[in-house]
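Input: a single structure, listed below in structure tokens.
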Amino acid sequence: MDNKLQLELVPYGSDTFSTRGFTPKVLAPHLGRVLSTIVTVPRRYVLFCGAVFKPLLSRHVTRWHEFHLRKKDGSLEQARSSFANLLLPYEGGYVRAGLAQTWARQGIPMTSYAEEIRSRYEDSGR
């Protein structure tokens, strides 16, 4: 429908599902499973969406970006948004990805955020 593939890191969620206790060690096998699917074909973009991924992926950040998004009326949001470039080790190589931490924020000007991500995705800092 929107020309994307969406995977869940832990595909067992429910309305009462909690991420409490999910350490990088606990989540490592799930990340490996997702990465094995991602690398099966070349990808233009690989994004991990939401703040829940920050503790798991922070050690793989190559560059962190913070910025204010432009609203539809042309003014800038007061809140800061963020995006991080990632280099994830996988089977002797690396998978380039991004952490779209602000993705799930309520009321975000999504078109503006998507453009900021696109422009910063290539800027890995390496």
* Asked: When you scan the stretch 67-117, how many residues do you find that are free of Cβ contacts under 8 Å to residues at least 12 places away in the same chain and basic (Lys, Arg)?
  -> 0
* **Exclusive hit being on the phi < 0 side of the Ramachandran plot, surrounded by fewer than 17 Cβ atoms within 10 Å (Cβ to Cβ) and not basic (Lys, Arg), set Val41, Val46** => Val41
* Would you check if there is a residue in the stretch 35-44 being closer than 15 Å to Ala100 by Cα and in contact (Cβ under 8 Å) with a residue 12 or more places away in the chain? => no
* Residue list for the stretch 1-60, restricted to those being farther than 22 Å from Arg118 by Cβ and among the charged types (D, E, K, R) -> Glu8, Asp15, Arg20, Lys25, Arg33, Arg59
* Asked: Can you spot a residue in the stretch 17-33 that is over 20 Å from Arg96 (Cβ atoms), among the aliphatic types (A, V, I, L, M) and either loosely packed, with under 15 Cβ neighbours inside 10 Å or touching an Asp or Glu at 6+ places or on another chain (Cβ under 6 Å) (or both)?
  -> yes
* To do: Within the stretch 72-85, identify whether any single residue is hydroxyl-bearing (Ser, Thr, Tyr), assigned to a loop (DSSP other than H, G, I, E, B) and either touching a strand residue (DSSP E or B) at 6+ places or on another chain (Cβ under 8 Å) or surrounded by 14 or more Cβ atoms within 10 Å (Cβ to Cβ) (or both), and answer yes or no.
  => no
* Confirm whether Arg63 is in a helix (DSSP H, G or I), modelled with pLDDT of 85 or more and either loosely packed, with under 11 Cβ neighbours inside 10 Å or not acidic (Asp, Glu) (or both). => no
* Asked: Could you list, in sequence order, the residues of the stretch 86-109 that are among the small types (Gly, Ala, Ser), loosely packed, with under 14 Cβ neighbours inside 10 Å and either under 17 Å from the mean Cα position of the chain (by Cα) or at pLDDT 95 or above (or both)?
  -> Ala104
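The values are calculated or read from the model by the stated rules, or taken from the named source; none is laboratory data. In this text the structure is predicted, and so the values were computed from the model without any measurement. Glycine also receives a Cβ, built like all others from the backbone with ideal geometry; neighbour counts cover every protein chain displayed.
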